[in-house]
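Written below as structure tokens is the structure these notes are about.
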Amino acid sequence: MAGQDPVVPAAKPLGELADRLLVATPTMPDPRFARSVIYVCSHSPEGAMGIVLNRLYGDLNFRGLLTQLNINPAESTRDLPVHFGGPVEPVRGFVLHTPDYQREGTTVLGANVALTTTVEVLQAIAEGTGPSQALLALGYAGWGAGQLEEEIQANGWLVATPDPEIIFSTHNETKWERALQTLGVSPVTLLADVGHA
């Protein structure tokens, strides 16, 4: 959010994986994404971009982020966690939110999710005029052409329908299990099946 141009599509994302959740399987080979749930913001033949939903960005919180950006929060400003959105450009900010807030710089990604990358959305949240639900993230997850499809083929990810109750929940510790449950998969069964053909 530090005045840089966002790496997001200008129009509605293309591709069958856009507006979906990626749920890491126990066989996920990349430890940075173990037990991760990722919202896919865009997907096209050139690659994909998403935001990790269940990892925090250290001890940084919304009030601390506002202070860094010289924005004064109101007394009533809700304190939201700041998420580690992924390993790519970890200082670039993204706000996934409900589409009840739309301004310049907002891209509606699905029926229940929009993305804004301007500092104005943080100001609006601080003032109480922002979206009803929001997830703040620094950084994003990115894949080159065909890379995400290969990871899914290799059983690194399961694909789920996005659930706002999971996306915007502050209970990060249960998002992975809850995302699996939307697929009718029990984490215990999935873990027991690892190593069995």
- Along principal axes, Cα extents of the chain, largest first, whole Å: 56, 33, 27
- Can you give the calculated 222 nm mean residue ellipticity of the chain, where each DSSP H run of n ≥ 4 adds -39,500 (n - 2.57) and the sum is split over every residue, rounded to the nearest 500 deg cm²/dmol? -6000 deg cm²/dmol
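Could you work out the relative contact order of segment 27-117, using alpha carbon pairs under 8 angstrom and six or more residues apart, expressed as a whole percent? Working shown, then result.
Working: 104 pairs, mean separation 17.9, N = 91.
About 20 percent, as a whole number.
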- Note on the structure: In order over segment 97-110: 3J(HN,Hα) from phi, Karplus 6.51/-1.76/1.60, θ = phi - 60°, whole Hz, x for each Gly or Pro, gives 7, 5, x, 6, 10, 9, 9, 4, x, 9, 10, 7, 9, x
- Task: Report the label-to-label distance for GLN153 and ARG32 in nanometres (one decimal), using points 7 Å from each Cα along the Cα→Cβ vector.
- Result: 2.3 nm
- Task: Calculate one ³J(HN,Hα) per residue across segment 69-76 by plugging θ = phi - 60° into the Karplus curve 6.51 cos²θ - 1.76 cosθ + 1.60, and present them in order as whole Hz with x for glycine and proline.
- Result: 9, 6, 10, 8, x, 6, 4, 8
- antiparallel share of DSSP beta bridges within segment 23-187, to nearest 5, in %, is 90 percent
- Item | Estimated distance in nm for a label pair at VAL91 and LEU183, the labels positioned 7 Å out from Cα along Cα-to-Cβ | 3.6 nm
- Note on the structure: If amide H atoms are modeled at 1.01 Å from N in the peptide plane, then the residues at a separation of 5 or more from LEU136, or on another chain, having amide H under 5 Å from its own are HIS83
- Query: What does the charge dipole of segment 48-197 about its Cα centre add up to, to the nearest 20 debye, if the Cβ of each Lys and Arg holds +1 and the Cβ of each Asp and Glu holds -1?
  - Reply: 160 debye
- Query: What is the magnitude of the charge dipole of segment 41-119 about its Cα centre, with +1 placed on the Cβ of each Lys and Arg, -1 on the Cβ of each Asp and Glu, and no other charges, expressed in debye to the nearest 20?
  - Reply: 60 debye
- Message: Taking R0 as 25 Å, what FRET efficiency do you get between ALA111 and GLU173 from their Cβ-Cβ distance, rounded to the nearest 0.05?
- Response: 0.40
- Message: Please list, in order along segment 149-160, the HN-Hα scalar couplings obtained from phi with the Karplus expression 6.51 cos²θ - 1.76 cosθ + 1.60 (θ = phi - 60°), rounded to whole Hz, x for Gly and Pro.
- Response: 4, 5, 5, 5, 4, 7, 6, x, 9, 9, 10, 10
- Message: At 0.36 nm per residue, and after removing the present C-alpha to C-alpha distance, how many nm does the segment from SER132 to GLU165 gain when stretched out fully?
- Response: 10.6 nm
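In percent, what relative contact order does the chain have, based on Cα pairs under 8 Å that are 6 or more apart in sequence? Don't jump to the answer; show the numbers that get you there.
Working: 392 pairs, mean separation 54.5, N = 197.
Normalised by residue count, the contact order of the chain is 28 percent.
A short reminder: the numbers here are calculations on the coordinates, not readings from a lab. Remember, it's a predicted structure, so these values are computed and weren't measured experimentally. Every residue, glycine among them, receives a Cβ derived from its backbone with ideal geometry; neighbour counts consider all protein chains shown.
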